[in-house]
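First the structure, in the form of structure tokens, and then the observations on it.
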Amino acid sequence: MIEARHIERMKRLVEYTASSFGTPFPSPFGSAVYDAQTGLLLSQAYDAVMRECDPTQHAELNAIRQATQQRRQLSLAGCILYSTCEPCPMCMSACIWAELDAVVFGASTLEDANPYWPQASDISPQELVARMRREPQCLIIPHVERARCQALFKQCDAVRSARRLELPPHRDDAV
């Protein structure tokens, strides 16, 4: 059974992420970091890949950057990261490096996101966590409010279509 705090925080994150649809760079990817003890929201961020023309500006990395800067320390031990979508290998590696206690996500990368935002890898967060060299390992809590998170992709696609905004070109098309 999924804890009520995870459901409530994911609902808030979905709402925050949907607010990006009113910006010049709408994105279905949002992330937040909470202090596990106090429940304090430390950071929340959108994906900024298109805005910054930077493939590392994923929502999870942006939220981690904000949280570590706010806390003035590299470790986010004692914190939980929430993401509207399953973290990619780059983001999950950052979660491991940041020593997050847990990662809670909504949509599945390959099943839900890939049709709208083609993915570069199929390595799962669980595979990366299984290779962690420190204990305790980062806990993965999948598919919290999955339907709400899936809806973000459909809504964002509709916004992008209405505004005639294109997705980034596929890597092999850019050659």
(request) Go ahead and run the numbers for FRET between GLU8 and ARG72, Cβ-Cβ distance against an R0 of 22 Å, rounding to 0.05. (result) 0.20
(request) Might you report the magnitude of the Cβ-based charge dipole of region 1-86 about its Cα centre, with Lys and Arg at +1 and Asp and Glu at -1, to the nearest 20 debye? (result) 260
(request) Restricting things to alpha carbons, tell me how big the chain is in terms of Rg and Dmax, in Å. (result) 15.4, 49
(request) Rank-order 62-71, 84-93, 49-58, 102-111 by packing density, defined as the average count of other C-beta atoms within 10 Å over each peptide's residues, highest first. (result) 84-93, 102-111, 62-71, 49-58
(request) Would you tally the net charge around SER124, using a Cβ to Cβ cut-off of less than 14 Å, leaving SER124 out, and scoring K and R as +1, D and E as -1? (result) -4
(message) Contact order normalised by length for region 1-138, with contacts defined as Cα pairs under 8 Å and 6 or more residues apart; what percent is it?
(response) 19
(request) Could you please tell me the mean projected area of the C-alpha convex hull for region 80-175, averaged over all directions and given in square nanometres to one decimal? (result) 7.1
(request) Select from LEU40, GLN150, MET90 the residue farthest towards the positive end of the dipole of the chain; place +1 on Cβ of Lys and Arg, -1 on Cβ of Asp and Glu, and compute about the Cα centre. (result) LEU40
(request) Mind putting a number on the dipole of region 68-169 about its Cα centre? Charges go on the C-beta only, +1 for Lys and Arg and -1 for Asp and Glu, and I need it in Debye to the nearest 20. (result) 360
(request) Grab the DSSP H runs of the chain that are 4 residues or longer, score each as -39,500 (n - 2.57), total them, divide by all residues and round the 222 nm result to the nearest 500 deg cm²/dmol. (result) -11000 deg cm²/dmol
(request) Considering only DSSP beta bridges where both residues belong to the chain, give the percentage that are antiparallel (nearest 5). (result) 55
(request) Quick one: dipole size for the chain, taken about the Cα centre, charges +1 on Lys/Arg Cβ and -1 on Asp/Glu Cβ, in debye to the nearest 20. (result) 420
(message) Treating region 1-96 as a set of equal point scatterers at the Cα positions, no solvent, please give the Debye-formula log₁₀ I(q)/I(0) at q = 0.11, 0.13, 0.15, 0.18 Å⁻¹.
(response) -0.29, -0.41, -0.55, -0.80
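Readers should treat all values here as calculations from the given coordinates under stated rules, not as data from a laboratory. Note that the structure is a prediction, hence the values are computed from the model and not measured. Note that we place each Cβ from the backbone using ideal geometry, even for glycine, and neighbour counts take in every protein chain shown.
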